[in-house]
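The values are calculated or read from the model by the stated rules, or taken from the named source; none is laboratory data. This one's a predicted model, so the numbers in the text were calculated from it and none came from an experiment. Please note: Cβ atoms are built from the backbone with ideal geometry, for glycine as well, and neighbour counts cover all protein chains shown.
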Amino acid sequence: MSSKTGAHPTSRLRKASASHRLNAFLKQIEILESSNFPHPDAREALGKLKDDIKGQIRRLSRSDVSDEALIDRLYAQARNTVIEYTPILGFILRSTNIRNAFEVHFPLKRLAKQVIGANAKLIISSEWNFVPFTYPMTLPRLPQFALVGGPASESGNVLATPVAAHEIGHSAWRVHSPSFALDNKLIGAVDAAISANASQTAALVIQLGTGPLAVPQIRHLVFSNAKKQLEEIFCDAVGLYYFGASFLYALEYFLAPGGGPRSLTYPSDVERLKLLTDGAAALGISNSSPLFERWADSVAQSSQMDFITILDAAVAHLASDVINHATSLLRSRGARVPDQTKIDAAVRSFDGGEPIAGDITLGEIATAGWEIVRREGGLAEASKRRKYRDLGDLMLKSVEVAEFELRIARA
(Lines give C-alpha, C1' and ligand atoms only; values in the text may rest on other atoms or scores of the structure.)
Protein backbone atom coordinates (compact mmCIF):
# COMPACT_ATOMS: atom_id res chain seq x y z
CA MET A 1 0.00 0.00 0.00
CA SER A 2 1.12 3.57 -0.68
CA SER A 3 1.88 5.95 2.18
CA LYS A 4 0.46 9.48 2.47
CA THR A 5 3.62 10.86 0.81
CA GLY A 6 3.15 8.67 -2.25
CA ALA A 7 6.06 6.39 -1.34
CA HIS A 8 5.87 2.63 -1.56
CA PRO A 9 7.81 1.51 1.53
CA THR A 10 7.30 -2.23 1.04
CA SER A 11 8.21 -2.04 -2.65
CA ARG A 12 11.26 0.12 -1.94
CA LEU A 13 12.47 -2.24 0.75
CA ARG A 14 11.93 -5.29 -1.43
CA LYS A 15 13.68 -3.72 -4.38
CA ALA A 16 16.62 -2.78 -2.15
CA SER A 17 16.73 -6.22 -0.54
CA ALA A 18 16.67 -7.97 -3.90
CA SER A 19 19.42 -5.69 -5.18
CA HIS A 20 21.62 -6.37 -2.13
CA ARG A 21 21.01 -10.10 -2.45
CA LEU A 22 21.84 -10.26 -6.15
CA ASN A 23 24.91 -8.03 -5.90
CA ALA A 24 26.26 -10.04 -2.98
CA PHE A 25 25.79 -13.19 -5.02
CA LEU A 26 27.44 -11.58 -8.06
CA LYS A 27 30.44 -10.68 -5.90
CA GLN A 28 30.69 -14.30 -4.76
CA ILE A 29 30.71 -15.48 -8.38
CA GLU A 30 33.48 -13.00 -9.20
CA ILE A 31 35.52 -14.28 -6.26
CA LEU A 32 35.10 -17.84 -7.51
CA GLU A 33 36.15 -16.77 -11.02
CA SER A 34 39.59 -15.98 -9.62
CA SER A 35 40.06 -19.65 -8.72
CA ASN A 36 42.28 -21.96 -10.72
CA PHE A 37 40.04 -24.23 -12.76
CA PRO A 38 41.70 -27.41 -14.03
CA HIS A 39 38.99 -27.74 -16.71
CA PRO A 40 37.05 -25.05 -18.58
CA ASP A 41 33.49 -26.29 -18.03
CA ALA A 42 33.26 -25.00 -14.45
CA ARG A 43 34.42 -21.52 -15.49
CA GLU A 44 31.92 -21.52 -18.35
CA ALA A 45 29.13 -22.46 -15.92
CA LEU A 46 30.08 -19.54 -13.66
CA GLY A 47 29.95 -17.22 -16.65
CA LYS A 48 26.42 -18.31 -17.48
CA LEU A 49 25.26 -17.87 -13.90
CA LYS A 50 26.95 -14.46 -13.79
CA ASP A 51 25.17 -13.33 -16.96
CA ASP A 52 21.83 -14.36 -15.50
CA ILE A 53 22.45 -12.48 -12.23
CA LYS A 54 23.55 -9.36 -14.11
CA GLY A 55 20.41 -9.51 -16.21
CA GLN A 56 18.25 -9.66 -13.10
CA ILE A 57 20.12 -6.72 -11.56
CA ARG A 58 19.51 -4.66 -14.70
CA ARG A 59 15.81 -5.46 -14.75
CA LEU A 60 15.54 -4.63 -11.08
CA SER A 61 17.34 -1.30 -11.44
CA ARG A 62 14.95 -0.24 -14.22
CA SER A 63 11.82 -1.22 -12.31
CA ASP A 64 9.47 1.40 -10.91
CA VAL A 65 8.60 0.96 -7.24
CA SER A 66 5.06 2.07 -8.02
CA ASP A 67 4.55 -1.16 -9.94
CA GLU A 68 4.08 -3.32 -6.86
CA ALA A 69 3.25 -6.50 -8.78
CA LEU A 70 6.47 -6.21 -10.81
CA ILE A 71 8.58 -5.55 -7.70
CA ASP A 72 7.10 -8.58 -5.95
CA ARG A 73 7.78 -10.74 -9.01
CA LEU A 74 11.41 -9.57 -9.32
CA TYR A 75 11.92 -9.99 -5.56
CA ALA A 76 10.64 -13.57 -5.71
CA GLN A 77 12.82 -14.28 -8.75
CA ALA A 78 15.92 -12.97 -6.96
CA ARG A 79 15.14 -15.05 -3.87
CA ASN A 80 14.50 -18.23 -5.86
CA THR A 81 17.61 -17.71 -7.98
CA VAL A 82 19.87 -17.41 -4.95
CA ILE A 83 18.26 -20.45 -3.35
CA GLU A 84 18.81 -22.47 -6.54
CA TYR A 85 22.33 -21.23 -7.29
CA THR A 86 23.91 -21.31 -3.83
CA PRO A 87 24.52 -25.10 -3.76
CA ILE A 88 25.71 -24.90 -7.37
CA LEU A 89 28.34 -22.32 -6.47
CA GLY A 90 29.49 -24.56 -3.63
CA PHE A 91 29.62 -27.50 -6.03
CA ILE A 92 31.73 -25.51 -8.52
CA LEU A 93 34.05 -24.33 -5.75
CA ARG A 94 34.62 -27.89 -4.54
CA SER A 95 35.34 -28.99 -8.11
CA THR A 96 38.61 -27.02 -7.87
CA ASN A 97 39.79 -28.86 -4.75
CA ILE A 98 43.04 -30.73 -5.25
CA ARG A 99 41.54 -33.83 -3.62
CA ASN A 100 39.69 -34.46 -6.91
CA ALA A 101 41.25 -36.82 -9.43
CA PHE A 102 41.45 -34.24 -12.23
CA GLU A 103 42.96 -36.79 -14.60
CA VAL A 104 39.64 -38.61 -15.06
CA HIS A 105 37.73 -35.50 -16.16
CA PHE A 106 38.59 -35.73 -19.85
CA PRO A 107 37.74 -39.42 -20.36
CA LEU A 108 34.51 -38.97 -18.39
CA LYS A 109 33.63 -35.91 -20.45
CA ARG A 110 34.30 -37.95 -23.57
CA LEU A 111 31.80 -40.49 -22.26
CA ALA A 112 29.33 -37.67 -21.58
CA LYS A 113 29.69 -36.44 -25.15
CA GLN A 114 29.26 -39.96 -26.51
CA VAL A 115 26.16 -40.78 -24.54
CA ILE A 116 24.57 -37.31 -24.24
CA GLY A 117 25.70 -35.27 -27.24
CA ALA A 118 28.52 -33.15 -28.63
CA ASN A 119 27.56 -30.09 -26.57
CA ALA A 120 27.60 -31.85 -23.21
CA LYS A 121 29.54 -30.20 -20.39
CA LEU A 122 30.74 -31.97 -17.27
CA ILE A 123 31.69 -30.77 -13.78
CA ILE A 124 32.94 -33.27 -11.20
CA SER A 125 33.11 -32.33 -7.54
CA SER A 126 33.87 -33.83 -4.16
CA GLU A 127 30.82 -33.66 -1.91
CA TRP A 128 29.94 -34.33 1.71
CA ASN A 129 27.54 -37.07 0.76
CA PHE A 130 28.66 -40.70 0.62
CA VAL A 131 26.25 -41.71 -2.12
CA PRO A 132 27.27 -40.26 -5.52
CA PHE A 133 24.63 -38.00 -7.05
CA THR A 134 24.05 -35.72 -10.02
CA TYR A 135 22.34 -32.59 -11.21
CA PRO A 136 21.40 -34.25 -14.52
CA MET A 137 21.10 -31.30 -16.91
CA THR A 138 17.97 -30.09 -15.16
CA LEU A 139 19.19 -26.61 -14.23
CA PRO A 140 17.36 -24.06 -16.41
CA ARG A 141 20.42 -21.79 -16.77
CA LEU A 142 22.81 -24.70 -17.33
CA PRO A 143 20.88 -27.03 -19.63
CA GLN A 144 23.97 -28.65 -21.18
CA PHE A 145 25.81 -29.27 -17.91
CA ALA A 146 25.93 -32.55 -16.02
CA LEU A 147 27.19 -32.02 -12.48
CA VAL A 148 28.41 -35.22 -10.85
CA GLY A 149 29.24 -35.32 -7.15
CA GLY A 150 31.16 -38.06 -5.41
CA PRO A 151 32.00 -38.49 -1.72
CA ALA A 152 34.90 -36.32 -0.59
CA SER A 153 36.54 -39.26 1.14
CA GLU A 154 36.73 -41.09 -2.21
CA SER A 155 37.40 -38.16 -4.54
CA GLY A 156 41.04 -39.05 -5.13
CA ASN A 157 40.29 -42.76 -5.50
CA VAL A 158 40.19 -43.69 -9.19
CA LEU A 159 38.64 -47.05 -8.24
CA ALA A 160 35.47 -45.15 -7.29
CA THR A 161 35.24 -43.51 -10.73
CA PRO A 162 32.96 -46.10 -12.41
CA VAL A 163 29.91 -44.95 -10.45
CA ALA A 164 30.21 -41.57 -12.22
CA ALA A 165 29.06 -43.29 -15.42
CA HIS A 166 25.74 -44.13 -13.75
CA GLU A 167 25.32 -40.47 -12.80
CA ILE A 168 26.16 -39.30 -16.32
CA GLY A 169 23.53 -41.77 -17.48
CA HIS A 170 20.82 -39.65 -15.81
CA SER A 171 21.61 -36.78 -18.19
CA ALA A 172 21.62 -39.16 -21.15
CA TRP A 173 18.21 -40.49 -20.09
CA ARG A 174 16.70 -37.02 -20.27
CA VAL A 175 18.06 -36.56 -23.77
CA HIS A 176 17.34 -39.98 -25.26
CA SER A 177 14.36 -41.54 -23.50
CA PRO A 178 11.84 -39.60 -25.65
CA SER A 179 13.30 -41.24 -28.78
CA PHE A 180 12.66 -44.60 -27.15
CA ALA A 181 8.92 -43.78 -27.06
CA LEU A 182 9.07 -44.91 -23.45
CA ASP A 183 5.89 -43.25 -22.22
CA ASN A 184 3.64 -45.03 -24.70
CA LYS A 185 5.29 -48.38 -24.04
CA LEU A 186 5.12 -47.86 -20.30
CA ILE A 187 1.42 -47.01 -20.36
CA GLY A 188 0.78 -50.39 -21.97
CA ALA A 189 3.05 -52.13 -19.47
CA VAL A 190 1.27 -50.50 -16.52
CA ASP A 191 -2.16 -51.51 -17.81
CA ALA A 192 -0.93 -55.06 -18.38
CA ALA A 193 0.49 -55.23 -14.84
CA ILE A 194 -2.75 -53.94 -13.31
CA SER A 195 -4.80 -56.48 -15.26
CA ALA A 196 -2.45 -59.35 -14.39
CA ASN A 197 -2.61 -58.55 -10.66
CA ALA A 198 -6.34 -58.17 -10.11
CA SER A 199 -6.35 -59.10 -6.42
CA GLN A 200 -3.60 -56.56 -5.58
CA THR A 201 -5.43 -53.91 -7.59
CA ALA A 202 -8.68 -54.62 -5.73
CA ALA A 203 -6.89 -54.34 -2.39
CA LEU A 204 -5.38 -51.01 -3.40
CA VAL A 205 -8.77 -49.70 -4.52
CA ILE A 206 -10.13 -50.43 -1.04
CA GLN A 207 -7.03 -48.96 0.59
CA LEU A 208 -7.28 -45.71 -1.37
CA GLY A 209 -10.99 -45.34 -0.73
CA THR A 210 -11.50 -42.97 -3.64
CA GLY A 211 -14.08 -44.99 -5.55
CA PRO A 212 -13.93 -44.60 -9.34
CA LEU A 213 -10.79 -42.47 -9.04
CA ALA A 214 -8.77 -45.26 -7.44
CA VAL A 215 -7.68 -47.12 -10.57
CA PRO A 216 -6.54 -43.95 -12.39
CA GLN A 217 -4.61 -43.02 -9.24
CA ILE A 218 -2.98 -46.44 -9.14
CA ARG A 219 -2.14 -46.18 -12.82
CA HIS A 220 -0.54 -42.76 -12.35
CA LEU A 221 1.49 -43.81 -9.30
CA VAL A 222 2.72 -47.00 -10.96
CA PHE A 223 3.64 -45.11 -14.13
CA SER A 224 5.64 -42.37 -12.36
CA ASN A 225 7.57 -44.77 -10.11
CA ALA A 226 8.16 -47.30 -12.89
CA LYS A 227 9.61 -44.58 -15.10
CA LYS A 228 12.10 -43.66 -12.39
CA GLN A 229 13.05 -47.33 -11.91
CA LEU A 230 13.64 -47.71 -15.64
CA GLU A 231 15.86 -44.63 -15.56
CA GLU A 232 18.00 -46.25 -12.87
CA ILE A 233 18.20 -49.44 -14.92
CA PHE A 234 19.27 -47.41 -17.96
CA CYS A 235 21.98 -45.66 -15.90
CA ASP A 236 23.28 -48.99 -14.60
CA ALA A 237 23.45 -50.22 -18.20
CA VAL A 238 25.54 -47.17 -19.16
CA GLY A 239 27.95 -47.79 -16.29
CA LEU A 240 28.20 -51.50 -17.04
CA TYR A 241 28.82 -51.02 -20.77
CA TYR A 242 31.53 -48.39 -20.35
CA PHE A 243 33.27 -49.68 -17.21
CA GLY A 244 32.57 -53.39 -17.38
CA ALA A 245 33.39 -55.40 -14.27
CA SER A 246 34.83 -52.34 -12.51
CA PHE A 247 31.32 -50.89 -12.39
CA LEU A 248 30.12 -54.02 -10.59
CA TYR A 249 33.04 -53.89 -8.16
CA ALA A 250 32.57 -50.19 -7.44
CA LEU A 251 28.82 -50.67 -6.94
CA GLU A 252 29.48 -53.44 -4.44
CA TYR A 253 32.03 -51.24 -2.68
CA PHE A 254 29.50 -48.45 -2.21
CA LEU A 255 26.28 -50.40 -1.59
CA ALA A 256 27.03 -53.85 -0.14
CA PRO A 257 25.54 -55.70 1.65
CA GLY A 258 22.17 -54.20 0.69
CA GLY A 259 19.21 -54.75 2.96
CA GLY A 260 18.09 -51.14 3.31
CA PRO A 261 14.52 -49.88 2.98
CA ARG A 262 12.97 -50.56 -0.41
CA SER A 263 12.70 -47.44 -2.53
CA LEU A 264 9.82 -47.31 -4.99
CA THR A 265 12.04 -45.51 -7.49
CA TYR A 266 14.65 -48.31 -7.62
CA PRO A 267 14.36 -52.00 -8.41
CA SER A 268 14.82 -54.22 -5.38
CA ASP A 269 18.48 -54.92 -4.57
CA VAL A 270 18.17 -58.53 -5.69
CA GLU A 271 16.51 -57.60 -8.98
CA ARG A 272 19.06 -54.87 -9.64
CA LEU A 273 21.96 -57.28 -9.13
CA LYS A 274 20.28 -59.86 -11.35
CA LEU A 275 19.88 -57.32 -14.14
CA LEU A 276 23.54 -56.37 -13.80
CA THR A 277 24.88 -59.92 -13.77
CA ASP A 278 22.66 -60.91 -16.70
CA GLY A 279 23.76 -57.77 -18.52
CA ALA A 280 27.41 -58.54 -17.90
CA ALA A 281 26.96 -62.05 -19.28
CA ALA A 282 25.22 -60.68 -22.38
CA LEU A 283 28.11 -58.28 -23.00
CA GLY A 284 30.75 -60.95 -22.40
CA ILE A 285 32.05 -59.20 -19.28
CA SER A 286 33.86 -61.56 -16.94
CA ASN A 287 34.26 -60.80 -13.26
CA SER A 288 36.14 -62.27 -10.35
CA SER A 289 34.38 -64.00 -7.50
CA PRO A 290 33.18 -63.48 -4.90
CA LEU A 291 30.80 -60.85 -6.24
CA PHE A 292 27.46 -59.84 -4.72
CA GLU A 293 27.65 -62.61 -2.12
CA ARG A 294 25.51 -62.40 1.02
CA TRP A 295 23.53 -59.42 -0.21
CA ALA A 296 20.26 -58.87 1.61
CA ASP A 297 17.29 -57.76 -0.44
CA SER A 298 15.84 -54.31 0.17
CA VAL A 299 12.97 -54.40 2.63
CA ALA A 300 9.53 -53.10 1.67
CA GLN A 301 6.86 -52.03 4.11
CA SER A 302 4.02 -54.53 4.34
CA SER A 303 1.52 -51.81 3.41
CA GLN A 304 3.37 -51.31 0.11
CA MET A 305 3.46 -54.91 -1.04
CA ASP A 306 0.34 -54.87 -3.25
CA PHE A 307 1.54 -51.72 -4.98
CA ILE A 308 5.10 -53.03 -5.36
CA THR A 309 3.84 -56.24 -6.96
CA ILE A 310 2.11 -54.23 -9.69
CA LEU A 311 4.99 -51.75 -9.99
CA ASP A 312 7.67 -54.41 -10.39
CA ALA A 313 5.53 -56.27 -12.94
CA ALA A 314 5.27 -53.10 -15.05
CA VAL A 315 9.04 -52.52 -14.85
CA ALA A 316 9.76 -56.14 -15.80
CA HIS A 317 7.90 -55.62 -19.08
CA LEU A 318 10.44 -53.00 -20.23
CA ALA A 319 13.68 -53.58 -18.30
CA SER A 320 15.43 -55.55 -21.05
CA ASP A 321 14.27 -53.06 -23.70
CA VAL A 322 15.75 -50.18 -21.72
CA ILE A 323 19.05 -52.03 -21.27
CA ASN A 324 19.18 -52.80 -24.99
CA HIS A 325 18.44 -49.14 -25.74
CA ALA A 326 21.40 -48.01 -23.62
CA THR A 327 23.69 -50.62 -25.17
CA SER A 328 22.71 -49.73 -28.73
CA LEU A 329 23.15 -46.03 -28.02
CA LEU A 330 26.67 -46.43 -26.66
CA ARG A 331 27.68 -48.83 -29.39
CA SER A 332 26.42 -46.45 -32.07
CA ARG A 333 28.41 -43.60 -30.48
CA GLY A 334 31.71 -45.50 -30.66
CA ALA A 335 32.03 -46.54 -27.01
CA ARG A 336 33.42 -49.99 -26.36
CA VAL A 337 32.98 -52.57 -23.66
CA PRO A 338 36.27 -53.08 -21.76
CA ASP A 339 38.48 -55.58 -23.58
CA GLN A 340 39.80 -58.33 -21.31
CA THR A 341 43.03 -58.59 -23.32
CA LYS A 342 43.78 -54.93 -22.64
CA ILE A 343 42.76 -55.34 -18.99
CA ASP A 344 45.21 -58.25 -18.62
CA ALA A 345 47.97 -56.15 -20.19
CA ALA A 346 47.26 -53.34 -17.73
CA VAL A 347 47.36 -55.76 -14.79
CA ARG A 348 50.81 -56.96 -15.91
CA SER A 349 52.04 -53.37 -16.23
CA PHE A 350 50.72 -52.36 -12.83
CA ASP A 351 52.20 -55.48 -11.23
CA GLY A 352 55.53 -54.45 -12.77
CA GLY A 353 55.24 -50.95 -11.31
CA GLU A 354 54.63 -49.25 -14.65
CA PRO A 355 51.65 -47.39 -16.15
CA ILE A 356 50.01 -48.88 -19.22
CA ALA A 357 50.35 -47.09 -22.55
CA GLY A 358 48.56 -47.45 -25.86
CA ASP A 359 44.92 -47.67 -26.84
CA ILE A 360 43.24 -48.25 -23.50
CA THR A 361 40.05 -46.83 -21.99
CA LEU A 362 39.29 -45.56 -18.52
CA GLY A 363 37.02 -48.59 -18.07
CA GLU A 364 39.89 -50.97 -18.84
CA ILE A 365 42.25 -49.12 -16.51
CA ALA A 366 39.69 -49.13 -13.69
CA THR A 367 38.93 -52.83 -14.17
CA ALA A 368 42.63 -53.72 -14.08
CA GLY A 369 43.03 -51.80 -10.84
CA TRP A 370 40.04 -53.52 -9.27
CA GLU A 371 41.29 -56.95 -10.35
CA ILE A 372 44.55 -56.35 -8.50
CA VAL A 373 42.81 -54.99 -5.40
CA ARG A 374 40.42 -57.93 -5.27
CA ARG A 375 43.19 -60.43 -5.96
CA GLU A 376 45.13 -58.98 -3.02
CA GLY A 377 42.15 -59.09 -0.65
CA GLY A 378 41.50 -55.36 -0.66
CA LEU A 379 45.01 -54.02 0.13
CA ALA A 380 43.69 -52.51 3.36
CA GLU A 381 46.35 -53.81 5.76
CA ALA A 382 48.86 -51.25 6.99
CA SER A 383 51.66 -53.15 5.25
CA LYS A 384 49.85 -52.90 1.89
CA ARG A 385 48.58 -49.32 1.97
CA ARG A 386 51.64 -48.10 0.14
CA LYS A 387 50.93 -50.60 -2.62
CA TYR A 388 47.33 -49.36 -2.78
CA ARG A 389 48.51 -45.75 -3.17
CA ASP A 390 51.08 -46.74 -5.76
CA LEU A 391 48.41 -48.61 -7.72
CA GLY A 392 46.21 -45.51 -7.72
CA ASP A 393 49.11 -43.41 -8.97
CA LEU A 394 49.82 -45.90 -11.76
CA MET A 395 46.17 -45.86 -12.80
CA LEU A 396 46.01 -42.07 -12.90
CA LYS A 397 49.29 -41.88 -14.80
CA SER A 398 47.89 -44.40 -17.28
CA VAL A 399 44.84 -42.17 -17.76
CA GLU A 400 47.15 -39.22 -18.47
CA VAL A 401 49.26 -41.23 -20.94
CA ALA A 402 46.16 -42.53 -22.76
CA GLU A 403 44.76 -38.99 -23.00
CA PHE A 404 48.06 -37.63 -24.31
CA GLU A 405 48.39 -40.36 -26.93
CA LEU A 406 44.79 -39.87 -28.03
CA ARG A 407 45.30 -36.15 -28.51
CA ILE A 408 48.56 -36.68 -30.41
CA ALA A 409 46.80 -39.18 -32.68
CA ARG A 410 44.05 -36.66 -33.41
CA ALA A 411 46.45 -33.75 -34.02
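Mind listing whichever residues of region 282-306 are part of a loop (DSSP other than H, G, I, E, B), over 27 Å from His325 (Cα atoms) and touching a Leu at 6+ places or on another chain (Cβ under 7 Å)?
Once the filter is applied, which keeps residues that are part of a loop (DSSP other than H, G, I, E, B), over 27 Å from His325 (Cα atoms) and touching a Leu at 6+ places or on another chain (Cβ under 7 Å), region 282-306 yields only Trp295.
Inside region 195-260, counting only helices (runs of 4 or more DSSP H) that do not spill past its ends, which hold 1 or more residues that are modelled with pLDDT under 95 and on the phi > 0 side of the Ramachandran plot?
Values: elements: 198-208, 214-243, 245-255.
Those helices (runs of 4 or more DSSP H) do not exist here; none qualify.
Of the conditions (1) within 23 Å of Ala164 (Cα to Cα); (2) loosely packed, with under 14 Cβ neighbours inside 10 Å; (3) touching a residue at least 12 places away in the same chain (Cβ under 8 Å), Val322 clears all except one; give me its number.
For Val322, the failing item is (2).
Please state which one of Ser328, Ser288, Ser268, Ser302 is of a type in the set (S, T, N, Q), under 28 Å from Pro178 (Cα atoms) and surrounded by fewer than 18 Cβ atoms within 10 Å (Cβ to Cβ).
From the options Ser328, Ser288, Ser268, Ser302, the qualifying one is Ser328.
This table checks each residue for (1) crowded, with 16+ Cβ neighbours inside 10 Å; (2) acidic (Asp, Glu).
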| position | (1), (2) |
| --- | --- |
| Thr10 | yes, no |
| Leu13 | no, no |
| His20 | no, no |
| Ala24 | no, no |
| Ile29 | yes, no |
| Leu49 | yes, no |
| Ser63 | yes, no |
| Glu68 | no, yes |
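Confirm whether Ser195 is within 30 Å of Ser328 (Cα to Cα) and surrounded by fewer than 16 Cβ atoms within 10 Å (Cβ to Cβ).
The answer is no for Ser195.
If a residue must be buried (at least 23 other Cβ atoms within 10 Å of the Cβ), more than 15 Å from Glu232 (Cβ to Cβ) and among the polar types (S, T, N, Q), how many such residues does region 157-180 contain?
Residues that pass the stated criteria total 1.
Taking Ala198 and the conditions (1) in contact (Cβ under 8 Å) with a residue 40 or more places away in the chain; (2) out of contact with any helix residue (DSSP H, G or I) (no Cβ under 9 Å at 6 or more places or on another chain), which numbered condition does it fall short on, given that it satisfies the others?
Result: Ala198 passes all but (1).
Pick from region 353-402 the residues that are hydroxyl-bearing (Ser, Thr, Tyr) and buried (at least 17 other Cβ atoms within 10 Å of the Cβ): which of them is nearest to Pro107 (Cα to Cα)?
Thr361
Does region 66-87 contain at least one residue that is more than 21 Å from Asp41 (Cβ to Cβ) and either modelled with pLDDT under 90 or in a loop (DSSP other than H, G, I, E, B) (or both)?
Yes, region 66-87 contains a residue that is more than 21 Å from Asp41 (Cβ to Cβ) and either modelled with pLDDT under 90 or in a loop (DSSP other than H, G, I, E, B) (or both).
Give the residues of region 145-156 that are surrounded by fewer than 19 Cβ atoms within 10 Å (Cβ to Cβ) and outside any strand (DSSP E or B), sorted by residue number.
Within region 145-156, the first condition is being surrounded by fewer than 19 Cβ atoms within 10 Å (Cβ to Cβ), and the residues that meet it are 151-153, 156.
Those that are surrounded by fewer than 19 Cβ atoms within 10 Å (Cβ to Cβ) and outside any strand (DSSP E or B): Ala152, Ser153, Gly156.
Report yes if some residue within region 73-82 is out of contact with any helix residue (DSSP H, G or I) (no Cβ under 8 Å at 6 or more places or on another chain), over 22 Å from Phe133 (Cβ atoms) and not aliphatic (A, V, I, L, M); otherwise report no. It would help to see each step written out before you state the result.
Initially, region 73-82 is screened for residues out of contact with any helix residue (DSSP H, G or I) (no Cβ under 8 Å at 6 or more places or on another chain), giving 73, 76, 80.
Among the residues that remain, those that are also over 22 Å from Phe133 (Cβ atoms) are: 73, 76.
Cutting the leftovers down to not aliphatic (A, V, I, L, M) gives us 73.
Checking region 73-82: at least one residue is out of contact with any helix residue (DSSP H, G or I) (no Cβ under 8 Å at 6 or more places or on another chain), over 22 Å from Phe133 (Cβ atoms) and not aliphatic (A, V, I, L, M).
Pairs only if they're at least six apart or on different chains, beta carbon under 7 angstrom, first in region 116-133 and modelled with pLDDT of 90 or more, second of a type in the set (Asp, Glu) and outside any strand (DSSP E or B); list them, first residue then second.
Partner pairs satisfying both residue conditions: Lys121/Asp41; Lys121/Glu44; Leu122/Asp41; Ile123/Asp41.
Of the conditions (1) of a type in the set (Ser, Thr, Tyr); (2) buried (at least 19 other Cβ atoms within 10 Å of the Cβ); (3) assigned to a loop (DSSP other than H, G, I, E, B), Ser263 fails just one. Which one is it?
The failed condition is (2).
So, in region 289-333, of the ones that are more than 15 Å from Leu240 (Cα to Cα) and of a type in the set (Ser, Thr, Tyr), which residue ends up modelled with the highest pLDDT?
Among those residues, the one meeting the criterion is Thr309.
Inside region 31-42, can you point out the residues that are out of contact with any helix residue (DSSP H, G or I) (no Cβ under 9 Å at 6 or more places or on another chain), farther than 11 Å from Leu89 by Cβ and either surrounded by 14 or more Cβ atoms within 10 Å (Cβ to Cβ) or not polar (S, T, N, Q) (or both)?
Pro40
In region 101-130, which residues are part of a loop (DSSP other than H, G, I, E, B) and surrounded by fewer than 20 Cβ atoms within 10 Å (Cβ to Cβ)?
Within region 101-130, Gly117, Ala118, Asn119, Trp128, Asn129, Phe130 meet the criteria.
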